[in-house]
Amino acid sequence: MNAILEATSHDNACEDADLQPATDDDLTYDQRENITLAEAIAWASSESSAVTLYLYDKGAGTT
(Lines give C-alpha, C1' and ligand atoms only; values in the text may rest on other atoms or scores of the structure.)
Protein backbone atom coordinates (compact mmCIF):
# COMPACT_ATOMS: atom_id res chain seq x y z
CA MET A 1 0.00 0.00 0.00
CA ASN A 2 0.94 3.67 -0.20
CA ALA A 3 0.66 6.08 2.71
CA ILE A 4 0.64 9.84 3.20
CA LEU A 5 1.07 11.76 6.45
CA GLU A 6 -0.10 15.33 7.03
CA ALA A 7 -0.33 17.37 10.21
CA THR A 8 -3.78 16.93 11.73
CA SER A 9 -3.92 20.70 12.21
CA HIS A 10 -4.18 21.09 8.41
CA ASP A 11 -7.86 20.15 8.74
CA ASN A 12 -8.69 22.91 11.26
CA ALA A 13 -10.37 24.99 8.55
CA CYS A 14 -12.80 22.18 7.64
CA GLU A 15 -16.38 22.58 8.79
CA ASP A 16 -17.09 20.61 11.99
CA ALA A 17 -13.41 19.67 12.41
CA ASP A 18 -12.08 18.80 15.84
CA LEU A 19 -9.42 21.48 16.21
CA GLN A 20 -5.85 20.38 16.72
CA PRO A 21 -3.44 23.11 17.82
CA ALA A 22 -0.64 23.70 15.31
CA THR A 23 2.93 23.48 16.60
CA ASP A 24 6.35 24.24 15.20
CA ASP A 25 6.98 20.48 15.08
CA ASP A 26 4.04 19.79 12.74
CA LEU A 27 4.86 17.64 9.77
CA THR A 28 3.85 19.36 6.53
CA TYR A 29 3.65 16.31 4.26
CA ASP A 30 5.41 13.00 3.78
CA GLN A 31 4.67 9.88 1.77
CA ARG A 32 5.87 6.30 1.51
CA GLU A 33 5.13 3.75 -1.15
CA ASN A 34 5.00 -0.04 -1.01
CA ILE A 35 4.73 -0.37 2.77
CA THR A 36 2.61 -2.64 4.92
CA LEU A 37 -0.25 -1.50 7.11
CA ALA A 38 1.81 -2.25 10.22
CA GLU A 39 4.71 -0.15 8.87
CA ALA A 40 2.36 2.75 8.04
CA ILE A 41 0.85 2.74 11.53
CA ALA A 42 4.27 2.54 13.19
CA TRP A 43 5.53 5.38 10.97
CA ALA A 44 2.55 7.62 11.83
CA SER A 45 2.81 6.77 15.52
CA SER A 46 6.48 7.74 15.60
CA GLU A 47 5.80 11.37 14.65
CA SER A 48 6.27 13.94 17.41
CA SER A 49 3.03 15.79 16.58
CA ALA A 50 -0.49 14.69 15.69
CA VAL A 51 -0.80 13.45 12.09
CA THR A 52 -3.51 12.16 9.79
CA LEU A 53 -2.59 8.93 8.01
CA TYR A 54 -4.06 8.43 4.55
CA LEU A 55 -3.88 4.90 3.12
CA TYR A 56 -4.12 3.97 -0.55
CA ASP A 57 -3.88 0.85 -2.65
CA LYS A 58 -0.48 0.25 -4.21
CA GLY A 59 -0.16 2.46 -7.28
CA ALA A 60 -2.64 5.08 -6.00
CA GLY A 61 -2.64 8.21 -3.88
CA THR A 62 0.98 9.24 -4.23
CA THR A 63 1.34 9.35 -8.01
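The values are calculated or read from the model by the stated rules, or taken from the named source; none is laboratory data. Remember, it's a predicted structure, so these values are computed and weren't measured experimentally. Because the Cβ atoms are built from the backbone with ideal geometry, glycine has one as well, and the counts that use them run over all protein chains shown. Surface accessibility is based on the protein's heavy atoms, side chains included, excluding ligands, DNA and RNA. Shrake-Rupley method; radii C 1.70, N 1.55, O 1.52, S 1.80 Å.
Things to note:
- With the helix formula -39500 (n - 2.57) applied to DSSP H stretches of n ≥ 4, the chain reaches a computed 222 nm mean residue ellipticity of -4000 deg cm²/dmol.
- Segments 30-39, 16-25, 47-56 sorted - mean Cβ within 10 Å per residue, highest first: 47-56, 30-39, 16-25
- Mean sequence separation of contacting Cα pairs (under 8 Å, at least six apart), scaled by the length of the chain, corresponds to a relative contact order of 53 percent.
- Identified option (computed mean projected area of the Cα convex hull in nm²; candidates (i) 5.3; (ii) 4.5; (iii) 4.1): (ii)
- Were the residues from residue 45 through residue 60 laid out at 0.36 nm apart, the gain over their Cα-Cα distance would be 3.2 nm.
- Overall, the chain carries a charge dipole of about 340 debye about its Cα centre when +1 sits on the Cβ of Lys and Arg and -1 on the Cβ of Asp and Glu, all other atoms neutral.
- Carbon/sulfur fraction of accessible area - the chain, other protein chains in place, 1.4 Å, %: 48
- Per residue, the accessible area of the chain comes to 68 Å² when a 1.4 Å probe rolls over the protein heavy atoms.
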